[in-house]
Amino acid sequence: MTKLRTALAGCGKVARIHAAALSRLEEAQLVAVCDAEPARAEALAAACGARAFTDVRRMLDATRVDALVVCTPHPAHAAPAIAAAERGVHVLVEKPMAASLADCDAMLAAAAASGVKLGVVSQRRFYEPVLRMKAAIDAGKIGRPALGVVLMFNWREESYYASDPWRGRWDTEGGGVLVNQAPHQLDLLQWFLGEPEEITGYWANINHPSVAVDDTALALIRFAGGGLGCVVASLAQKPGLFTKVHVHGSSGASLGVQTESGASFIAGVSEIAGPPLNDLWTIPGEEHLLEIFEAEDRARFRTLDPTTHYHAIQIQDFFRAILEDRAPVVSGADGRRVVEMFTAVYQSNRERRPVRLPLASGE
Ligand SMILES: NC(=O)c1ccc[n+]([C@@H]2O[C@H](COP(=O)([O-])OP(=O)(O)OC[C@H]3O[C@@H](n4cnc5c(N)ncnc54)[C@H](O)[C@@H]3O)[C@@H](O)[C@H]2O)c1
């Protein structure tokens, strides 16, 4: 198989996961990496046999790669993504797609103008318990998905915010828990319930005085398909407790996944502590499956490295989407919807009113 020549922008913590995942893919070959800090680019380049660069445009022009994976901090996703799209290079961007809707729209426009694929990382979509829920919902097994609930009770030390200069600041990160940790579960919620059409939100900083952004946020959501949603996302519980996404159907049946037991992993710092598990499954006649799913999921967890495994599956889907000329499982439009959701929470909190979606680029 011809391998798609691939470059990485940003050689920090999550880039190591991408480099490890790319090294195992038959569809791709990592040929170049780039970081604004030369030592970081050189270290990753040496570790994976790629060329090192300190400027994305120069790297793209010198290497003529087929695809670029963007692993820079979120407000710095748009510039490399657009530079790549303008050169006909496909782009997979880390979550969140960007810190602003203006950045999302510029990336979507650049990708549409040149006809390249634009994907956004949301690797929890590929967790087996999540795929089971999606298949059951799509098969109509719970009727209409009527109520979605995200509960994230997590913890971050002050040292986490101090670990990189861009973290925990409105100007260099764009927000807090809503922008950095919750996008995974916001994406699952919109995957299960569809497009949100109205959001009321609140946020607070409960116990992280070294940063100004939210360590806790709440959202009440009305979806266009008639469903309702409720999100509680917090980094203020020590120790971290769990993160769950539950969907209750119009038939009365409920499905759920615990995506994190204990605190969620921090890329390059900690490992995934336990397997993602279905924690609710009340479809009539299928209640017994919960135990079977759990046994399967615990057994699988012992056989793989969960920190890279689900990234690798999503990266492979993205490269196959290029080769098969189809949409990736998580598209740029999906990534924008998550940015729209957290933008609406901040706007609702600021203006003390429900916010109607869709939001325009300037919001
Ligand atoms: N999917 C996941 O589970 C997951 C996990 C961790 C991080 N992420 C995302 O990945 C992104 C990076 O996070 P991280 O933890 O690796 O951060 P990091 O700070 O460890 O790495 C970012 C790197 O980008 C470099 N950089 C910044 N601006 C640049 C530019 N203009 N050109 C080239 N390099 C530049 C920095 O020097 C740094 O080395 C964030 O958007 C984050 O949300 C996703």
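Is it the case that the stretch 101-108 has a residue that's within 18 Å of the chain's Cα centre (by Cα), more than 15 Å from the ligand (Cβ to nearest atom), farther than 22 Å from Asp325 by Cβ and open to solvent by 30 Å² or more (accessible area, probe 1.4 Å)? So that I can check it myself, show each step before the final result.
From the stretch 101-108, those within 18 Å of the chain's Cα centre (by Cα) are 101, 103-105, 107-108; that's our starting set.
Now narrow it down to the ones that are more than 15 Å from the ligand (Cβ to nearest atom): 101, 105, 108.
With farther than 22 Å from Asp325 by Cβ added as a condition, the list becomes 101, 105.
Subsequent filtering for residues that are open to solvent by 30 Å² or more (accessible area, probe 1.4 Å) retains 105.
Within the stretch 101-108, one or more residues are within 18 Å of the chain's Cα centre (by Cα), more than 15 Å from the ligand (Cβ to nearest atom), farther than 22 Å from Asp325 by Cβ and open to solvent by 30 Å² or more (accessible area, probe 1.4 Å).
Scan the stretch 245-276 for residues that are under 13 Å from Gln181 (Cα atoms) and crowded, with 20+ Cβ neighbours inside 10 Å and report the count.
Pass one, the stretch 245-276, residues under 13 Å from Gln181 (Cα atoms): 259-260, 263-267.
Those still in the list that are crowded, with 20+ Cβ neighbours inside 10 Å too: 259-260, 263-264.
Number satisfying all stated conditions: 4.
Could you tell me which of the residues Gly148, Gly194, Gly115 is open to solvent by 40 Å² or more (accessible area, probe 1.4 Å), away from the ligand (no atom under 12 Å from the Cβ) and within 18 Å of Asp334 (Cα to Cα)? Give the derivation first.
Numbers: Gly148 fails: open to solvent by 40 Å² or more (accessible area, probe 1.4 Å); Gly194 fails: open to solvent by 40 Å² or more (accessible area, probe 1.4 Å).
After ruling out the rest, the residue left standing is Gly115.
How many residues does the stretch 15-36 contain that are within 13 Å of the ligand (Cβ to nearest atom), of a type outside the set (D, E, K, R) and assigned to a loop (DSSP other than H, G, I, E, B)?
Looking only at that region, the number is 1.
Would you mind stating whether Ala139 is aliphatic (A, V, I, L, M), over 18 Å from Ser331 (Cβ atoms), in contact with a Ser or Thr (Cβ under 6 Å, 6 or more places away or on another chain) and more than 13 Å from the ligand (Cβ to nearest atom)?
On the way: aliphatic (A, V, I, L, M): yes; over 18 Å from Ser331 (Cβ atoms): yes; in contact with a Ser or Thr (Cβ under 6 Å, 6 or more places away or on another chain): no; more than 13 Å from the ligand (Cβ to nearest atom): yes.
Judged against the criteria, Ala139 is not a match.
Given the criterion more than 9 Å from the ligand (Cβ to nearest atom) and either within 30 Å of Gln347 (Cβ to Cβ) or small (Gly, Ala, Ser) (or both), identify the matching residue among Ala39, Ala76. Steps first, answer last, please.
Details: Ala76 fails: more than 9 Å from the ligand (Cβ to nearest atom).
Checking each option against the conditions leaves just Ala39.
Kindly list, by first and then second residue, each pair from a residue in the stretch 199-216 that is without any contact (Cβ under 8 Å) to a residue 24 or more places away in the chain to a residue that is in a strand (DSSP E or B), limited to pairs with Cβ atoms under 7 Å and residues at least 6 apart or on different chains.
Qualifying pairs under 7 Å: Ala204/Thr216.
Rundown of residues vs (1) open to solvent by less than 20 Å² (accessible area, probe 1.4 Å); (2) closer than 20 Å to Gln181 by Cα, yes/no style:
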{"position": "Phe301", "(1), (2)": "no, no"}
{"position": "Asp305", "(1), (2)": "no, no"}
{"position": "Thr308", "(1), (2)": "yes, yes"}
{"position": "Ile313", "(1), (2)": "no, no"}
{"position": "Pro328", "(1), (2)": "yes, no"}
{"position": "Glu351", "(1), (2)": "no, no"}
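If you check Thr54 against the conditions, is it at pLDDT 95 or above, of a type outside the set (Asp, Glu) and more than 9 Å from the ligand (Cβ to nearest atom)?
Answer is no for this residue.
How many residues, within the stretch 119-135, are farther than 12 Å from Pro96 by Cα and in contact with a strand residue (DSSP E or B) (Cβ under 7 Å, 6 or more places away or on another chain)?
Looking only at that region, the number is 6.
The values are calculated or read from the model by the stated rules, or taken from the named source; none is laboratory data. Quantities reported herein were computed from a predicted structural model and do not represent experimental measurements. In this analysis, Cβ positions are derived from the backbone assuming ideal geometry, glycine residues included, and neighbour counts consider all displayed protein chains. Calculation scope for accessible area: heavy atoms of the full protein, side chains included, ligands and nucleic acids excluded. Shrake-Rupley method; radii C 1.70, N 1.55, O 1.52, S 1.80 Å.
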